[in-house]
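Enquirer: Mind having a look at this structure? Questions to follow.
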Amino acid sequence: MTSSITLQALAAFPSQLEAHYAAIPEAFKHWAPPSWDGVPSEALTAIEQVWHVRDIEILGYHVRLRRTRDESNPTLASLDTDALVREHAYGSRPADVALAEFREARAQTMALLGNLSPAQFRRTAVFEGYGPLSLQSLVHYLCSHDQQHLAGLQWLLGKIEATRGGPTPD
């Protein structure tokens, strides 16, 4: 079974995402730095980050977790972030909708995980770009993905502060 620290991190993530997004100044919600060198997540603006996390939860991990649970060694698709950004017009959609829909989707993820048996966590699949894995592996990759996006928002905050030319109070 997945470690309790991983499940705790997954459960806490919606609030962390909301807090990190709220830390981005309003004028910078759609801002892109001149260079994305060193970004620890996908090269996405703050608003794009929250819509991406929402879509990956619903279109990616919900599908992957269910297919791994229900099918015999399925091949799981990787999603094209750039295509999702274009097709779903991330920059023109409100963040509060993404955050609310993500919170609900994560609750569904947690319910799904809470109902799995140890044998189901050991079920296998092949994930494009990752290779063979277990359902338990997917849970860890989801948690890692969450952390990458918190880091991406922190990275954006660092870039924003660098453009402001000096320290500011918290």
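Every number here is computed from the coordinates shown, using simple stated rules; none is lab data. Bear in mind the structure is a predicted one, so any value in this text is a computation, not a measurement. Glycine also receives a Cβ, built like all others from the backbone with ideal geometry; neighbour counts cover every protein chain displayed.
Enquirer: Test of understanding: ordering ARG123, ARG67 by Cβ neighbours within 10 Å, fewest first, what list do you get?
Expert: The fewest-first ordering by Cβ neighbours comes to ARG67, ARG123.
Enquirer: Using θ = phi - 60° and the Karplus curve 6.51 cos²θ - 1.76 cosθ + 1.60, what whole-Hz ³J(HN,Hα) does each residue of the range 104-110 get, with Gly and Pro shown as x?
Expert: After applying 6.51 cos²θ - 1.76 cosθ + 1.60, I find 5, 4, 5, 4, 5, 4, 5 Hz.
Enquirer: Quote to one decimal, in nm, the extra length available between ALA151 and TRP36 on full extension: 0.36 nm per residue of separation minus the C-alpha distance between them.
Expert: Full extension from ALA151 to TRP36 adds 40.1 nm.
Enquirer: Once the Cα gyration tensor of the chain is diagonalised, what are the square roots of 5 times its eigenvalues, in whole Å and ordered largest first, as equivalent ellipsoid semi-axes?
Expert: 31, 16, 14
Enquirer: Separate question: Around SER117, under 14 Å between beta carbons, what's the net of Lys plus Arg minus Asp minus Glu among the other residues?
Expert: Taking every Cβ under 14 Å from that of SER117, the sum is +2.
Enquirer: Which order, highest average first, do 13-26, 52-65, 70-83 follow once you tally other Cβ atoms within 10 Å for each residue and take the mean per peptide?
Expert: 52-65, 13-26, 70-83
Enquirer: Tally Lys and Arg at +1 and Asp and Glu at -1 over the other residues with C-beta under 11 Å from the C-beta of ALA22: what net charge comes out?
Expert: For residues surrounding ALA22, the net value is -2.
Enquirer: If you wrap the range 97-170's Cα atoms in a convex hull and average its projection over all directions, what's the area in nm²?
Expert: Answer in nm², one decimal: 7.6.
Enquirer: In nm, to one decimal, how far is the ALA27 label point from the ASN73 one, both placed 7 Å along Cα→Cβ?
Expert: It works out to 5.7 nm between the two label points.
Enquirer: Restricted to Cα positions, what overall size does the range 39-82 have along the principal axes? Three whole-Å values, descending.
Expert: For the range 39-82, the Cα extents along the three principal axes come out at 38, 16, 15 Å.
Enquirer: With charges only on Cβ, +1 for K and R and -1 for D and E, what is the dipole size of the range 4-164 about its Cα centre, in debye, rounded to 20?
Expert: My answer is approximately 400 debye.
Enquirer: Follow-up question, since we're still on this one. Name the residues of the range 31-57 whose amide N is less than 12 Å from a point 7 angstrom out from the Cα of HIS140 along the C-beta direction?
Expert: None, by backbone N distance to the label point.
Enquirer: Which one, LEU7, SER41, GLN148, is farthest towards the positive end of the dipole of the chain when Lys and Arg carry +1 and Asp and Glu -1 on their Cβ?
Expert: After comparing all options, I get LEU7.
Enquirer: By per-residue mean of other Cβ atoms within 10 Å, what is the highest-first order of 131-141, 33-43?
Expert: Result, highest mean Cβ count within 10 Å first: 131-141, 33-43.
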